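Read-outs: derived from the displayed coordinates by stated rules, not from any lab. What you see is a predicted model; the values in this text were computed from it and never measured. Counting neighbours? That spans all protein chains shown, and the Cβs are built from the backbone with ideal geometry, glycine included.
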Amino acid sequence: MPDPVVTVHDFTKRYGDFTAVDDISFEVHQGEVFALLGPNGAGKTTTLECLEGLRKPDGGVLSVMGVDPTREPRRLRNLIGVQLQTSGMPDNITVREAMNLFSAYHRVAPRLDLLDRVGLDGKLSTQYEALSAGQKRRLQLALAVAHNPPVVILDEPTAGLDVQSRVELHSLISELQGQGVTIILSSHDMAEVEKLANRIAILLHGRIVAAGSPRELTTHGAGLTKISIQTERATVSELTTLPGVTQRSARDGYDIYYSTDPAATVLTLLEHVKKYGDTLIDLRVERPSLEERFLEITGGKEAIS
């Protein structure tokens with residue numbers, strides 16, 4: 001495997017007596033989408049800020065394409081593009097002026113094509129304060145990649161976007177990856193991460209508690225299969241025991257079971273439906289989602305950024 005583009009080795013960050021990140025290590029290779037997940041206070045934003053050169057680590061080594069973010073900020077600025085979780089610009093700056101300003105900072109020609117790509121071509125003269133939350137997020141992403149950085153760091157890139165805008169930005173992220181751009185992503189949208197990420201690290205209390213591809217993370221763990229069933233008269237809700245079932249819940253008209261023996265569970269459910277003259281509407285057998293695996297790993301804590 002080629003040398004990593006981003007290296008985090010034995011990284012620690014403290015705020016007074018509080019250890020926000022506790023001796024973590026990971027590598028990201030060229031063209032990967034690498035996601036950092038974790039509940040509020042897990043340390044992922046602190047990790048991103050140290051990679052961006054905004055904070056100084058208290059221990060360990062961080063490197064972006066061989067550059068130390070703390071010691072070489074000028075070299076770093078043209079190597080990375082950053083979309084912060086929260087960021088702002090002067091209220092009266094227009095979309096065109098923002099692109100001209102960021103492009104001049106990086107000494108590249110203004111990328112009006114990117115504004116077109118994110119659906120802002122009709123907003124070039126619109127002031128920042130007049131943009132919707134979603135339009136501001138799209139502008140921030142366009143500015144982050146305007147200088148063609150080899151590494152892009154995205155903190156909640158699609159927060160506040162409608163469905164169509166999310167689809168378009170997912171497409172742009174996939175295009176960047178196809179061009180060999182390395183992307184580090186933090187998001188509370190588990191479906192988004194499961195779709196985009198090649199590898200994931202889950203942080204809890206400042207430490208990495210699980211890592212791997214989305215499939216690796218969802219396949220391991222409790223080893224349970226998710227079975228969702230919906231019937232016309234919901235007679236399966238009356239069942240108190242089922243073979244292999246260790247957990248059960250109900251959502252949106254479905255009875256949901258987590259089983260170590262899915263074949264036996266499904267057979268028993270179908271026999272029950274037939275026996276009581278009920279009608280099967282829908283039956284789904286699937287591995288747990290990334291969100292369900294995340295909740296299992298973190299003890300039910302939500303992925304709030």
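Which FRET efficiency, nearest 0.05, do ASP68 and ASP3 yield, Cβ-Cβ r, R0 25 Å? In this case the efficiency is close to 0.95. Is the shape of the range 107-180 rounded, prolate or oblate, going by the alpha carbon gyration tensor and its root eigenvalues a ≥ b ≥ c, with a/c under 1.5 for rounded and a/b larger than b/c for prolate? Note, shape of the range 107-180 comes out oblate. If the chain linking ALA234 and GLN85 were pulled fully straight, counting 0.36 nm for each residue of separation and taking away their Cα-Cα distance, it would gain 49.3 nm.
Set against the 2.2 N^0.38 Å expectation for a compact globular protein, the chain has a Cα radius of gyration ratio of 1.19.
Full extension of the chain between SER125 and ARG251 gives 40.7 nm of extra length, using 0.36 nm per residue less the Cα-Cα distance. The Cα-based radius of gyration and maximum Cα-Cα distance (Dmax) for the range 225-287 are 10.3, 29 Å. When the scattering of the range 166-305 is computed by the Debye formula from its Cα atoms alone, each counted once and equally, what is log10 I(q)/I(0) at q = 0.12, 0.14, 0.19 Å⁻¹? The Debye formula, applied to the Cα set alone, gives -0.61, -0.77, -1.07. With θ taken as phi - 60° and the Karplus curve 6.51 cos²θ - 1.76 cosθ + 1.60 applied, the whole-hertz 3J(HN,Hα) list for the range 88-97 is x, 9, x, 4, 9, 6, 8, 4, 5, 5 Hz, x standing for glycine and proline.
Can you give the relative contact order of the range 6-218 as a percent, counting alpha carbon pairs under 8 Å and 6+ residues apart? For the range 6-218, the relative contact order is 29 percent. Backbone geometry of the range 142-150 corresponds, through the Karplus equation with coefficients 6.51, -1.76 and 1.60 at θ = phi - 60°, to 3J(HN,Hα) couplings of 4, 5, 5, 10, 4, 9, 6, x, x Hz, x marking Gly and Pro. Pop out the Kirkwood hydrodynamic radius of the range 1-137 from its pairwise C-alpha distances, inverse of mean 1/r, in Å to one decimal. Hydrodynamic radius (Kirkwood, Cα pairs) of the range 1-137 is 17.1 Å.
With contributions of -39500 (n - 2.57) from each DSSP H run of at least four residues, the per-residue ellipticity at 222 nm computed over the chain stands at -9000 deg cm²/dmol. Residues whose amide H lies under 5 Å from that of LEU185, counting only those 5 or more places away or on a different chain, are PHE34, ALA35, LEU36, LEU154; hydrogens are built 1.01 Å from N in the peptide plane. Say R0 is 41 Å: what FRET efficiency, to the nearest 0.05, do ASN78 and SER289 get from their beta-carbon distance? Efficiency, rounded to the nearest 0.05: 0.60. The H on the amide N of LEU204, modeled in the peptide plane, is under 5 Å from the matching H of VAL209, each at least 5 residues off or on a different chain. Note on ALA109 and LEU267: the model spin-label points, each 7 Å out from Cα along the C-beta direction, lie 6.8 nm apart.
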